[in-house]
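Below is one structure, written out as C-alpha cells, with a few remarks after it.
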Amino acid sequence: MVVMSATNPTEKSADGVYNFTMDQPIPSYLIALAAGDLVFKPIGNRTGVYTEPSMLDKCADELADTEKMLEAAERLYGPYKWERYDIIVLPPSFPFGGMENPRLTFATPTIIAGDRSLTSLIAHEMAHSWSGNLVTNATWNDFWLNEGFTVYFERRIMEELYGKEYAEMLAQLGYQDLLNEVEGLAGSPDDTKLKLDLSDRNPDDAMSEIAYEKGAFFLRMLEETAGRVKFDEFLRNYFTEHSFQPMTTEIFLDYLDKNLVKKNNLKVNVDEWVHGRGIPSNISMINSSKFKAVDTEIGRWTTGTPAKDLATKGWSTHEWMHFLKNIPQVLNKNQLKDLDNSFGFTNSGNAEIACLWFQIAINSGYTEANPKIEAFLTSVGRRKFLTPLYKAMIQIPEGKKLANKIYEKARPGYHFVATSTIDRIVGYQEKK
Ligand SMILES: [Zn+2]
C-alpha cells in the first residue's frame, strides 16, 4: 500500500495504482510518501494507524489515546483543520522520532514500548498540525517557531490528558536537556539563540535542543507572566489569523508585542530570550514532586542503600529516566551489578531507558552489556539513540574498537540521515 501526506487509502488497491488529493496548502518539506506491506486500523473517528501486519495490534494499543489527544488539542488551540490525523509506524531505520507530515505523522517504532509511556511524541507531532504545518517557519533560522511552540503545546496536551504532574516530569527532563545542550554549545554560543543565523551552513548541523526547549521555556515564561487564560487566547488567535501562512521571527515578535505584551502592559525580556545567548535568569523553575522522590532514592543509593531496597514501586518510564540521568555516569562494578540485578536495565525493552543505561555501561567499562548494546545498535536506527552511544564508545580505547565493529555491521541498516552523523563521529570511511 502507498500512503502520503494527503488523503489516504485504507486498503491495498487491486492494480497497485494510488491517487492522492491534498486540499490544504503545505510547504515542500512536508511532502512525504511511504510504500510497503502496510495495513490500517482505525483508532477513533478521525484517527488511525498504518504499519506492517505484525505490528498492527501493538501499535493500535499503544496509540489508543490518539483521538483523545486530538480533542484535547482542539480544546486548547482551536479546530483541527486537516480532517484526518493518522500515524504510520515505520521500520526501525527511520532516523527521527517523528515527522509531522500533514494528515499522516511518520513515527519511529521505538515509541512502541508496550505501556503507552512514550506517547508524548505523538502529542508533539500532532501539535505540529498547528505550529509548523498551519503556521510555518519561513526559514530554518526561524525553526524555533515550529519546535518551541510544539514542545510547549505537546506538554499542554499531556497535561490535559494525564495531569500537571505528568507534564512537569516532561518539562524537567526537557530542562535538563537544555542545560546539557547549552553546555555542549559552549564553542558556538550563537547557536544558543532562538533566532539562528545559518548562513552558509547545512541547517541540519545547527538543529539542537535550543529551538525545542529554550523555545518552549520562552513560551512558558510568557504564559506565566500573562496568565494562562490570556496566553491561550493569544495563541488561539495567532494560529487562526496566520493559518496556512509562513511566519518569520520578526513578524511573530511584532504580533506578540501588539497582542500580548502591550495589550496587557507586561514587562518581559523578549529580546534577551530570542536574540540573546544562553538561558535567561527568569526561566521557570520546574519542581516535579515525583522527581524529588526519585532524587531521594538516588541519595539513598549513592550512600549505600542496596538497589533492591529503594522505593521504586510504580515508577514510570520518566522516573526511571530521571534516575538514570542523575546517578553518577561512571559507576564501579559492584554498583553496576547492584542496579542491573535489581532493575534489569541491560535487558530493558524501553529504548529511552536502554539508551541511558548503555551510556553508563560504556562509560564504566561494563562489558557484560556489550551484546545488548550491539543488539540495540543493530536493531534501532533512530539517530537520537545512536549518537550518544557511539559518542560514548569512541571516548575510550576499547570502546573505539567496539564502535567500529558494531558500526560496520549496523551501518547498512541505517538511514542516510543517521549515517551522515555517525560517519563523522566514528571517523568512518567507506571502503572503495
Ligand atoms: Zn517537532
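The values are calculated or read from the model by the stated rules, or taken from the named source; none is laboratory data. Bear in mind the structure is a predicted one, so any value in this text is a computation, not a measurement. Positions of Cβ are generated from backbone atoms using ideal geometry, with glycine treated the same way; all protein chains shown enter the neighbour counts.
Data for the structure
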{"read-out": "Looking only at region 112-131, and only at residues there that are within 10 Å of the ligand (Cβ to nearest atom) and out of contact with any Asp or Glu (no Cβ under 6 Å at 6 or more places or on another chain), the one that is farthest from E241 (Cα to Cα)", "value": "L121"}
{"read-out": "Wholly within region 255-328, helices (runs of 4 or more DSSP H) carrying at least 2 residues that are loosely packed, with under 14 Cβ neighbours inside 10 Å and modelled with pLDDT of 95 or more", "value": "270-275, 289-302"}
{"read-out": "Scan of region 38-50 for residues that are in contact with a Ser or Thr (Cβ under 8 Å, 6 or more places away or on another chain) and part of a loop (DSSP other than H, G, I, E, B), ordered by number", "value": "L38, I43, G44"}
{"read-out": "Subset of region 14-37 [within 11 Å of L104 (Cβ to Cβ), outside any strand (DSSP E or B) and in contact with a strand residue (DSSP E or B) (Cβ under 7 Å, 6 or more places away or on another chain)]", "value": "F20, A32"}
{"read-out": "Some residue of region 190-206 being farther than 23 Å from F323 by Cβ, touching an Asp or Glu at 6+ places or on another chain (Cβ under 6 Å) and within 16 Å of the ligand (Cβ to nearest atom)", "value": "yes"}
{"read-out": "Tabulated pairs, region 226-248, first part of a helix (DSSP H, G or I), second loosely packed, with under 15 Cβ neighbours inside 10 Å, C-beta under 6 angstrom, 6+ apart or interchain", "value": "A226/N264"}
{"read-out": "Residue list for region 221-232, restricted to those being more than 25 Å from D197 (Cβ to Cβ) and surrounded by 14 or more Cβ atoms within 10 Å (Cβ to Cβ)", "value": "E223, T225, A226, K230, F231, D232"}
{"read-out": "Residue that is nearest to Y77 (Cα to Cα), among those in region 177-192 that are in contact with a helix residue (DSSP H, G or I) (Cβ under 6 Å, 6 or more places away or on another chain) and not acidic (D, E)", "value": "L178"}
{"read-out": "P388 being modelled with pLDDT of 95 or more, closer than 20 Å to L356 by Cα and not acidic (D, E)", "value": "yes"}
